[in-house]
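The values are calculated or read from the model by the stated rules, or taken from the named source; none is laboratory data. Because the structure is a prediction, the values reported are computed rather than measured. We place every Cβ from the backbone using ideal geometry, glycine too, and count neighbours over all the protein chains shown.
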Amino acid sequence: MQAFLDIFDIYLLEAVVNGILLGGVLALLALGLNLIFGVIDVTWICYAELVMIGMYGMYYMVQVFGLPYWVAAPFAILLVAALGAALHYIVIAPLLTAPPINQLLATGGVLFILQSFATVAFGIDFRNLGIRLPVLAIGEMHFSYSRLLAFIAALLGMLAVYFFMTRTYTGTAIRAISQDRQIMSLMGVDTKRIYLITSALGGALAGLAACLLVLQYDVHPFVGLSFGPITFLICVLGGLGNFVGGFIAAFVFAEIISLGGLFSDLEWGYVLAFAFFIVMMFIRPAGLLARRS
Amino acid sequence: MNSRHAAWGIGLAALIALPFVYRDPYHLHILVLILIWSFAYTAWSIMGRFGLVSLGHGGFMGVGAYITALLWNHLGVSPWIGIPVSMVAAGILALIVAYPCFRFRITGHYFVLVTLALSGIVLQVITATRDYTGGSLGYTPNRAPSGHGLMALQFDDKTTWYLIALAVWVLGLLIWRWVDRSMSRYAMEAISEDEDAAAAAGVNVTAEKLKITLISALMTALAGALYCQYQMFISPDTVSGIAVSLQMVFAVIVGGLYVSLGPTVGAVITILLAEVLRIGFGTKAVGWDNLVYGVLLVIFIIFLPKGILGSVLDRLKTQPKPSGSK
């Protein structure tokens, strides 16, 4: 009996730690989406597809052109940042005054475009970088270095965004716009420019996430569907546009998936997470950290 | 008014007569698909036109298709009973999710994302229970022994299926029209403008929204079950999940959200496009149809938010009209 409990506890602990590691990357994704929503008031349904394109970018630079991982990563981040800015310029900018639902659906169209573009251009085969990082063993628990690396890099990325938002003029302008859209253009802030910068920043975060996820998962055209929906739910759970809420919600979600997956199949972890989300929507509709009005 | 009724009558008669005159199985197959999907898209548009944009309809469709097929295969329950059961299940699911949504005023983005979670749940449950549902590999209802086709709602004959699909499609249009003419429409339009004002004016906001949602979910489940019975193969990708939900939204937006035949026009365009690309490019076409869909969707939302049919009708309306017509 005692032996059984010991093993059980180690698996439990391993799942908890893995959940935290997963939460880091999810929090990074949620931050990007929240940034876009908070500032431009648009939901990019296709956010995870940007990540997918970034993952393909990494794959081609590393596997086909033979660049080292550390050289390829900044290029991938720049690529997705440019993609984010282009998405804003081409699709969102003409729709800024349209009903919010139309903006959401237009990015849904972009989701189709990116997915099928990847299918047409890269085929539906699963690809990976061929980089296998070693596994860290503490006692009887096993953690992959790729997850640890992803967790640390995600935290650093979020910290960088935090300093950018609080210490620079542009960052301050972005935060100000998210508080009052009309006034800021009267105060001499070029909203169009700020929107474009925010979109590029959101894209860059997706690019960073792509560099980290490509170490853990194979890339294929539909890989976005495996973490895209989760990212939206995290943002809504934390309160759309609420950065701290999104951060906490990411870890809550990651733990539910990880622990749910421990007791049963991984899919049930997702089912639990989705169900938890729906229940939470009824208890705290405006997000985890919202004050009751 | 009379000329309009006559046009509908003649059109319908022509559609009923069609399979007796023209029997090319491939073309009938395409027509059946168009009719079934038109019905599903019409179901979505009944909610969507009032600003209740749901991405959960993939979930309702999955429930309709899978419960019907599972009851038949595992318990031997005839689809004649299985389809109503699956519709009730989808209705209950819709109420469970929608009631708190409407009660707590979850609207706009939030409503879209809650319903997105719903279709995510249905997809994951189907995949997770792969011992029963075949998971992502798909699922085939058992063939009925010969002579029992009617009981199992399985017909080899395309003409029969065409007539069934036609009847269901007409039913969908009638429901659309009934909602369009009812008090609910005014209530829902008031709600989509301003919920508080509508409530102050005496509209029971929650009840009205629930009614529309329930109608839409029941119809979508029926569409899923019919699709399953017709194709005799379902997989999570074709009848459930977020991709299917987006496909519904896309077709309706392209056809026209605010006119009764808009979803049908959307279904005709999307299905013909997919077929033309498939025949033109063969297996190389994988992905191309969705690429074209996506580009069209973005272009439509930016330039023609009322859809093809909606814009055409608008164009016609602005021209001087003969007296007496509505």
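Tell me whether the stretch A:44-63 contains one or more residues that are without any contact (Cβ under 8 Å) to a residue 40 or more places away in the chain and outside the structural domain of A:Leu237 (by TED's automatic domain parsing). Spell out the reasoning first.
We begin by selecting, within the stretch A:44-63, every residue without any contact (Cβ under 8 Å) to a residue 40 or more places away in the chain; these are A:60-61.
After this cut, where a residue has to be outside the structural domain of A:Leu237 (by TED's automatic domain parsing) as well, the list is A:60-61.
Looking for residues that are without any contact (Cβ under 8 Å) to a residue 40 or more places away in the chain and outside the structural domain of A:Leu237 (by TED's automatic domain parsing), one finds at least one in the stretch A:44-63, hence yes.
The single condition among (1) assigned to a helix (DSSP H, G or I); (2) over 18 Å from the mean Cα position of the chain (by Cα); (3) under 24 Å from B:Ser245 (Cβ atoms) that A:Ala30 does not meet is (2). Selection of the stretch B:37-51 for residues being closer than 13 Å to B:Thr220 by Cβ and not aromatic (Phe, Trp, Tyr) yields B:Ser38, B:Ala40, B:Thr42, B:Ala43, B:Ser45, B:Ile46, B:Met47, B:Gly48.
Can you tell me which residue is surrounded by the most Cβ atoms within 10 Å (Cβ to Cβ) among those in the stretch A:237-268 that are facing chain B (nearest Cβ under 9 Å) and over 18 Å from the mean Cα position of the chain (by Cα)? In this case the residue turns out to be A:Glu267. The lone criterion from (1) within 13 Å of chain A (Cβ to nearest Cβ); (2) in contact (Cβ under 8 Å) with a residue 24 or more places away in the chain left unmet by B:Ile96 is number (2). Restricting attention to the stretch A:64-73, the residues that are part of a helix (DSSP H, G or I) and out of contact with any helix residue (DSSP H, G or I) (no Cβ under 9 Å at 6 or more places or on another chain) add up to 2.
Output the residue which, of all residues in the stretch B:75-123 that are aromatic (Phe, Trp, Tyr) and in a helix (DSSP H, G or I), is nearest to B:Ala197 (Cα to Cα). Outline the logic, then answer.
Filtering the stretch B:75-123 for residues aromatic (Phe, Trp, Tyr) gives B:80, B:99, B:102, B:104, B:110-111.
Then drop every residue that is not in a helix (DSSP H, G or I), which leaves B:80, B:99, B:102, B:110-111.
Numbers: B:Trp80: 44, B:Tyr99: 20, B:Phe102: 15, B:Tyr110: 21, B:Phe111: 20 Å.
Restricting to residues being aromatic (Phe, Trp, Tyr) and in a helix (DSSP H, G or I), the top hit is B:Phe102.
Return the pairs, sorted by first residue and then second, in which the second residue is charged (D, E, K, R) and buried (at least 18 other Cβ atoms within 10 Å of the Cβ), the first residue lies in the stretch A:260-276 and is within 15 Å of A:Ser226 (Cβ to Cβ), the beta carbons are less than 9 Å apart, and the residues are 6+ apart or on different chains. Listed by first residue and then by second, the contacts come to A:Gly261/A:Glu267. Please work out if B:Thr129 is β-branched (Val, Ile, Thr), out of contact with any Phe, Trp or Tyr (no Cβ under 7 Å at 6 or more places or on another chain) and free of Cβ contacts under 8 Å to residues at least 24 places away in the same chain. Here the answer is yes, as B:Thr129 does meet what is asked. Residue check: A:Ile234 meets all listed conditions (1) at pLDDT 80 or above; (2) within 20 Å of the chain's Cα centre (by Cα); (3) within 9 Å of chain B (Cβ to nearest Cβ) but one, namely (3). In the stretch A:159-195, of all residues being buried (at least 19 other Cβ atoms within 10 Å of the Cβ) and touching a residue at least 40 places away in the same chain (Cβ under 8 Å), the one that is nearest to the chain's Cα centre (by Cα) corresponds to A:Val161. For B:Leu31, the test of being assigned to a helix (DSSP H, G or I), farther than 30 Å from A:Leu225 by Cα and under 16 Å from the mean Cα position of the chain (by Cα) is passed.
Taken residue by residue, the stretch B:257-271 has no member that is farther than 21 Å from B:Phe50 by Cα and either exposed (fewer than 13 other Cβ atoms within 10 Å of the Cβ) or at pLDDT below 80 (or both).
A Cβ distance below 6 Å, combined with a sequence gap of six or more or placement on separate chains, defines the contacts here; from the stretch A:213-242, residues that are part of a helix (DSSP H, G or I) reach residues that are polar (S, T, N, Q) in the pairs A:Cys235/A:Asn34.
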